[in-house]
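These notes are about the structure you will find just below.
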Amino acid sequence: MTTIAVIGGTGKEGKGLALRWAHAGHGVIIGSRDPARAQTAADELNALLSKNRVRGLGNAEAARECDIAVLSVPYEAHTTTLETIKDAVQGKILIDVTAPLDLDNKRKTRRIEAGSAGQAAQQFLGDGVRVVSAFQNVSYTHLSNLDEQLGCDVLVCGNDKDAKKQVIELARAAGMAAFDAGPIENSVVAEGLTAVLININIAFKIKNAGIHITGVPRS
Ligand SMILES: NC(=O)c1ccc[n+]([C@@H]2O[C@H](COP(=O)([O-])OP(=O)(O)OC[C@H]3O[C@@H](n4cnc5c(N)ncnc54)[C@H](OP(=O)(O)O)[C@@H]3O)[C@@H](O)[C@H]2O)c1
């Protein structure tokens with residue numbers, strides 16, 4: 001089983017992913033700027049699971065102790081958080097969940113100089129880290145209810161095939177089908193879809209619009 005650190009795992013999306021992976025039997029570390037806040041979130045998840053599978057640490061320590069790191073913070077915190085974990089994630093896979101949204105209007109996607117948050121992470125961390133972008137189109141409301149069968153799909157972008165394969169397996173473990181959607185440059189599409197889904201959520205007064213790929217064989 002893999003040890004997964006969810007950096008920003010005290011938040012809505014990260015906590016939901018952490019819950020799903022811990023439920024699947026993986027060891028999970030919640031990372032936070034505040035280790036006490038991380039442990040509180042971990043205790044909450046362990047209580048839901050009735051098992052002691054989740055622990056909480058500061059972001060850098062969580063990244064040091066894991067096999068795979070997941071970055072789940074608002075885009076405004078992307079660079080500062082990456083700075084904190086840059087050394088600790090060398091040689092590892094970093095899954096970037098970040099979806100950049102316009103600061104003044106969350107219905108609009110935000111243009112990133114690097115092209116996308118995923119590309120920015122890959123450039124910042126360097127070739128020693130295999131950045132894979134995924135899960136931007138999965139609403140936390142799906143994740144936090146373990147009884148819910150997830151009907152939404154995950155687009156997985158990155159430059160390393162083996163890393164993407166491992167992330168696709170983690171998505172399956174969390175109850176979702178995931179697809180290799182090409183190199184990290186394509187992450188801009190998945191990240192942009194988040195703002196599209198927010199508009200659909202608002203229009204239908206729901207919280208859980210997602211995407212589903214048609215025409216592919218499913219087992
Ligand atoms: N919510 C969703 O349904 C959803 C769906 C798809 C994608 N996403 C994407 O996933 C990412 C996380 O979303 P979220 O809703 O979980 O976000 P969130 O709850 O607002 O924040 C997640 C965590 O990031 C840390 N953080 C927040 N502001 C920060 C700052 N200024 N500097 C450093 N750290 C900060 C906090 O952790 P600590 O204070 O404990 O350090 C917080 O608990 C975002 O990029 C979002 O667009 C979210």
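The values are calculated or read from the model by the stated rules, or taken from the named source; none is laboratory data. Just so it is clear, the model here is predicted, and its values are computed rather than measured. All Cβ positions, glycine included, derive from the backbone under ideal geometry; neighbour counts span all protein chains shown. Areas reflect the complete protein model, heavy atoms only, side chains present, ligands, DNA and RNA absent. Shrake-Rupley method; radii C 1.70, N 1.55, O 1.52, S 1.80 Å.
Find the accessible area per residue for the chain; the probe is 1.4 Å, ligands and nucleic acids are left out, and the unit is Å². Mind showing how you got there, number by number?
On the way: 10280 Å² over 219 residues.
With the other protein chains kept in place, the chain gives 47 Å² per residue.
A Stokes-Einstein calculation at 4 °C with viscosity 1.567 mPa s, built on the Kirkwood radius of the chain over Cα pairs, returns a diffusion coefficient of 76 µm²/s. Label reach from Thr141 (point 7 Å along Cα→C-beta): in segment 1-40, amide nitrogens under 16 Å belong to 12-13, 16. Centre-to-centre separation between the Cα atoms of segment 148-216 and those of segment 62-125: 16 Å.
Which of rounded, prolate or oblate describes segment 105-157 when judged by the alpha-carbon gyration tensor and an a/c cut-off of 1.5? Oblate shape, in that a/c is at least 1.5 and b/c is the bigger or equal ratio. In the structure shown, the pairs Lys12/Lys205; Lys108/Lys205; Lys86/Lys106 are assessed against 21 Å; a Cα-Cα span above that value is assigned to Lys86/Lys106. Extension gain, Lys12 to Ile200, is 65.7 nm, computed as 0.36 nm per intervening residue step minus the present C-alpha separation.
Would you mind telling me the share, in percent, of accessible area of the chain contributed by carbon and sulfur at probe 1.4 angstrom?
Details: 5220 of 10280 Å².
C and S atoms contribute 51 percent here.
Can you give the net charge of the other residues whose Cβ lies under 15 Å from the Cβ of Cys157, counting K and R as +1 and D and E as -1? Don't skip to the end; give the middle numbers.
Details: positive: Arg130, Lys161, Lys164, Lys165; negative: Asp96, Asp153, Asp160, Asp162, Asp180, Glu185, Glu191.
Net local charge, Cys157 excluded: -3.
Can you give me the distance in nm between label points at Lys207 and Glu185, each placed 7 Å from the Cα along the Cα-to-Cβ direction? Simple spin-label model gives 3.8 nm for this pair.
What does the net charge come to around Asp87 if you take all other residues with beta carbon closer than 14 Å to its beta carbon, with K and R at +1 and D and E at -1?
Details: positive: Arg64, Lys86, Lys92; negative: Glu61, Glu65, Glu83.
Neighbourhood net charge equals 0.
If you stretched the chain out fully between Gln123 and Asp102, how much longer would it get, using 0.36 nm times the residue separation minus the C-alpha to C-alpha distance? Don't skip to the end; give the middle numbers.
Details: separation 21, 0.36 × 21 = 7.56 nm, distance 2.17 nm.
Net length gain for the segment: 5.4 nm.
Taking label points 7 Å from Cα along the Cα-to-Cβ direction, Ala24 and Asp43 give a separation of 2.8 nm.
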